[in-house]
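Here is the structure we will look at.
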Amino acid sequence: MQEYSIKDLNEKYDLELEKVLEEIKKSNAKLVLLQFPDGLKIYTTSIVDYLKKELGEKNNVEFLIWFSSCYGACDTPVLGKYIEKKIDLVIQFGHNDLMPSY
């Protein structure tokens, strides 16, 4: 699997990762579910690695990645009551404003 640098991603997309980091810190989330449209799923591990690095180990944040469908803001994952109760924050990356800039 190809690794993508955040620098490369930021040149191509406006992922607003600083806003994501702010929201995680503000909400004191410990378990965060990330949901991506199909076109961005290839970048998930790079994004999670970046977020973990920026948050540092002291924040002890864990990430879940939803790899099933994502057709827009109304398409929220159904995970079951047990895991849904444990998730502190869901961040859904959209695709309308994330068109490649090349």
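A few remarks follow.
- Packing-based order for 85-91, 43-49, using average beta carbon neighbours within 10 Å, highest first: 43-49, 85-91
- Between D49 and K86, the contour length at 0.36 nm per residue exceeds the Cα-Cα span by 11.2 nm.
Each value in this text was obtained by applying a stated rule to the coordinates, not by laboratory testing. Remember, it's a predicted structure, so these values are computed and weren't measured experimentally. Counting neighbours? That spans all protein chains shown, and the Cβs are built from the backbone with ideal geometry, glycine included.
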